[in-house]
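Asker: This structure is in structure tokens; I'll ask about it shortly.
The values are calculated or read from the model by the stated rules, or taken from the named source; none is laboratory data. None of the values given here were measured: they were computed from a predicted structure. Ideal geometry is used to build each Cβ from the backbone, glycine not excepted, and the neighbour counts take in all protein chains shown.
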Amino acid sequence: MIYFVSVRTLVATLVVFLMMIVCGGAGQEFQIGIIDAYGLSQVPVDQVRGALTFKEGDTISLGGAERPAFLTASENRVALLPGVVRARIRVVCCDQGRAIAYVGVEEAGATTMQFRAAPVGAARLAPDVVQSGEAFSKAVALAVSRGDDEEDRSEGHAFNRDPATRAIQERFLVYARRDLPALRLVLRSSSDAAHRALAAQVLGYATEKQAVVEDLVHGMTDPSEEVRNNAMRTLLVFAESIPGEKRGPTPRIPFEPFIEFLHSPVWSDRNKASGALLALTGSRDPELLAKLRKQALTSLVEMARWKSAGHALAAFMILGRMAGYSDETAFAFWGRGDREAVISAAIEGRRPAM
């Protein structure tokens, strides 16, 4: 279906936007084009914006070894607002060449994310796996800078169109066969968060996808957001695989863990959870749609209204499915800029005519 490929391509770029910021060179400058806040039900958004040390239109520098001080200062100022427990700010790239600042707020009394303690084990990845992980980060950043961010997920693992990136991903296939027990051990027990994160990525290239689903779901409880990001990203790709005679059925992915992450103040948690739930709601599972309505409707509505179209799309399409629209119909509303019709239908549990 041509339409759905378009939606999947847009959602897939969310991950690449995030990697581009992380991998940018020191002192790289961006103008802030969008500031969006989320997690707000009691605290006025204007108060949150007023507490920030930056505003839309400001030029900021990112990409250095240390997190910019202005982000920490802004988080601290927002956390001092009445009714706010903590704040998390993430700057991602890009909307019309300008950066997007997401301000996640955890209000008093809101759902609190709980993660397990950081592991303390000595397990580490093999040196060639670590080197390939570093090469991948550089290759994909260069590919994104050229606008070459398309990838094929049909086999249950990501293969980028960019030849340099794909060559490294093909090495991941080798490592996943050679080092499967070590990868699982590192993800669960290593004290090095960077090694755990890379293990979660490479496990996505395992021959038997279903066999590593439990490991990756465990990775979703990691205290490191980078590890959680990669674990959810890998499960997302599993969920988008196309069944085939050689590949077998699409892996069974539990949807419950992803729903909780729609309440997280951490942007990458919400980003990956919404992408995974977009894939998992494709079957219109009544139980999943009912739980999303009961447990995460407010969060999905908030995300579907984000100013960055690419980042809002996953939540919007999920709401369309909750409202009973076909994907084609929901996307037609999206294409003509009428998000609110679908959002209102999802909130009210009705499906208006086009």
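Asker: Just wondering, is there one or more residues in region 217-229 that are surrounded by 24 or more Cβ atoms within 10 Å (Cβ to Cβ), more than 30 Å from Val301 (Cβ to Cβ) and in contact (Cβ under 8 Å) with a residue 60 or more places away in the chain?
Answerer: So far as region 217-229 goes, no, none of its residues is surrounded by 24 or more Cβ atoms within 10 Å (Cβ to Cβ), more than 30 Å from Val301 (Cβ to Cβ) and in contact (Cβ under 8 Å) with a residue 60 or more places away in the chain.
Asker: Scan region 25-46 and tell me whether some residue there is in a helix (DSSP H, G or I) and modelled with pLDDT of 80 or more.
Answerer: yes
Asker: Here are some residues: Arg196, Arg188. Which one is among the charged types (D, E, K, R), touching a His at 6+ places or on another chain (Cβ under 8 Å), outside the structural domain of Ile89 (by TED's automatic domain parsing) and over 16 Å from Ala239 (Cβ atoms)? So that I can check it myself, show each step before the final result.
Answerer: Numbers: Arg196 fails: touching a His at 6+ places or on another chain (Cβ under 8 Å).
On inspection, the qualifying residue turns out to be Arg188.
Asker: List the helices (runs of 4 or more DSSP H) that sit entirely inside region 189-290 and contain at least 1 residues that are at pLDDT 95 or above and within 20 Å of Phe159 (Cα to Cα).
Answerer: 193-202, 209-219, 225-239, 267-280
Asker: In region 314-354, what residues are outside any helix (DSSP H, G or I) and of a type in the set (Phe, Trp, Tyr)? I'd like the intermediate steps shown before the answer.
Answerer: Restricting attention to region 314-354, the residues satisfying the condition of being outside any helix (DSSP H, G or I) are 323-326, 336-338, 349-354.
Tyr325, the sole residue that qualifies.
Quick grid of which residues meet (1) over 23 Å from the mean Cα position of the chain (by Cα); (2) of a type in the set (D, E, K, R):
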| position | (1), (2) |
| --- | --- |
| Phe54 | yes, no |
| Glu75 | no, yes |
| Ile89 | no, no |
| Val92 | no, no |
| Gln114 | no, no |
| Gly121 | yes, no |
| Arg124 | yes, yes |
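Asker: Being loosely packed, with under 15 Cβ neighbours inside 10 Å, polar (S, T, N, Q) and assigned by TED's automatic domain parsing to the domain that holds Val202 is the requirement here; does Ser145 meet it? Please lay out each step first, then the result.
Answerer: Working: loosely packed, with under 15 Cβ neighbours inside 10 Å: yes; polar (S, T, N, Q): yes; assigned by TED's automatic domain parsing to the domain that holds Val202: yes.
Against the criterion (loosely packed, with under 15 Cβ neighbours inside 10 Å, polar (S, T, N, Q) and assigned by TED's automatic domain parsing to the domain that holds Val202), Ser145 qualifies.
Asker: Looking only at region 87-125, count how many residues are surrounded by 11 or more Cβ atoms within 10 Å (Cβ to Cβ), free of Cβ contacts under 8 Å to residues at least 60 places away in the same chain and closer than 18 Å to Pro44 by Cβ. I'd like the intermediate steps shown before the answer.
Answerer: So the first thing to find is which residues in region 87-125 are surrounded by 11 or more Cβ atoms within 10 Å (Cβ to Cβ), and the list is 87-95, 98-107, 110-113, 115, 118-119, 121, 123-125.
Now restrict to residues that are free of Cβ contacts under 8 Å to residues at least 60 places away in the same chain: 89, 112.
Among the residues that remain, those that are also closer than 18 Å to Pro44 by Cβ are: 89.
Number of matching residues: 1.
Asker: Here is a check on your reading of the model: is Ile343 touching a residue at least 12 places away in the same chain (Cβ under 8 Å), outside the structural domain of Val85 (by TED's automatic domain parsing), buried (at least 17 other Cβ atoms within 10 Å of the Cβ) and over 26 Å from Arg153 (Cβ atoms)?
Answerer: Numbers: touching a residue at least 12 places away in the same chain (Cβ under 8 Å): yes; outside the structural domain of Val85 (by TED's automatic domain parsing): yes; buried (at least 17 other Cβ atoms within 10 Å of the Cβ): yes; over 26 Å from Arg153 (Cβ atoms): yes.
The answer is yes for Ile343.
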